[in-house]
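The values are calculated or read from the model by the stated rules, or taken from the named source; none is laboratory data. Model, not experiment: these values are computed from the prediction. Counting neighbours? That spans all protein chains shown, and the Cβs are built from the backbone with ideal geometry, glycine included. Accessible surface areas use protein heavy atoms only, side chains included; no ligands, DNA or RNA. Shrake-Rupley method; radii C 1.70, N 1.55, O 1.52, S 1.80 Å.
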Amino acid sequence: MNTTTGQSVASVVSALLDNRWRHARTQEEVEALVDDLVRASLPHWGTQLYLADQPVDRYSDPSTRLVVSVDPDQGAGALSYHDYRPDGGAWDSLAATTSPGAPALVYDPHGGSRYRPSSTLPLAQVEQAVREFLTDGERPSCLSWQDAEVV
């Protein structure tokens, strides 16, 4: 779903948000999902987003995934894009400048891995990248990327 124009590119946005699967098929559902992700007062660690022709779940084999961690109280977030196609790879967001006080954002709440400080972005940039991903499922071009690495 193109959240800017409302045009349908794929039929379902799937999200593993706070360890629960959510599926959005309409513009209103997509907007609610994005709002819950970036504007809720609770931090969200390792939210997984997918764009596909049908709902994605733990048994699916999607071609791409965007992992999003946000801390609304800190006004910050980080992203990791995974492309599972043959020539794919994995990348983390890259901030234009690294802030010395950047929060330690959790990549994987179960494994305890964190994003490096250079991946921390302002929340508005995270939201822009999420919305771009939801248009076509590809790596957002609205920000810079670095090879993925979790610490």
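Here TRP45 fits the description: open to solvent by 60 Å² or more (accessible area, probe 1.4 Å) and under 14 Å from the mean Cα position of the chain (by Cα). Candidates in the range 59-76 are the residues that are open to solvent by 10 Å² or more (accessible area, probe 1.4 Å) and more than 18 Å from SER11 (Cα to Cα); of these, the one that is farthest from the chain's Cα centre (by Cα) is TYR59. Checking each residue in the range 102-118 for being within 16 Å of the chain's Cα centre (by Cα), of a type outside the set (Lys, Arg) and under 13 Å from ASP71 (Cβ atoms) picks out LEU105, VAL106, TYR107, PRO109, TYR115.
The residues in the range 105-151 that are over 21 Å from ARG25 (Cα atoms), part of a helix (DSSP H, G or I) and open to solvent by less than 40 Å² (accessible area, probe 1.4 Å) can be counted, and the count is 4.
Close contacts from the range 19-30, counting a first residue that is closer than 27 Å to HIS110 by Cβ and in contact (Cβ under 8 Å) with a residue 60 or more places away in the chain and a second that is small (Gly, Ala, Ser) and open to solvent by less than 70 Å² (accessible area, probe 1.4 Å), with Cβ to Cβ under 7 Å and a gap of 6+ residues or different chains, come to VAL30/ALA24. Only a single item in (1) modelled with pLDDT of 90 or more; (2) assigned to a loop (DSSP other than H, G, I, E, B); (3) open to solvent by 70 Å² or more (accessible area, probe 1.4 Å) is not met by VAL56, and it is number (3). Does the range 1-42 hold any residues that are modelled with pLDDT of 85 or more, open to solvent by 20 Å² or more (accessible area, probe 1.4 Å) and of a type in the set (Val, Ile, Thr), and which are they? Correct list: THR26 only. Taken across the range 77-99, residues that are farther than 25 Å from GLY111 by Cα, aliphatic (A, V, I, L, M) and either assigned to a strand (DSSP E or B) or open to solvent by 60 Å² or more (accessible area, probe 1.4 Å) (or both) do occur, with at least one present. Here THR97 passes the criteria (1) farther than 24 Å from VAL12 by Cβ; (2) in contact (Cβ under 8 Å) with a residue 12 or more places away in the chain except the one numbered (2).
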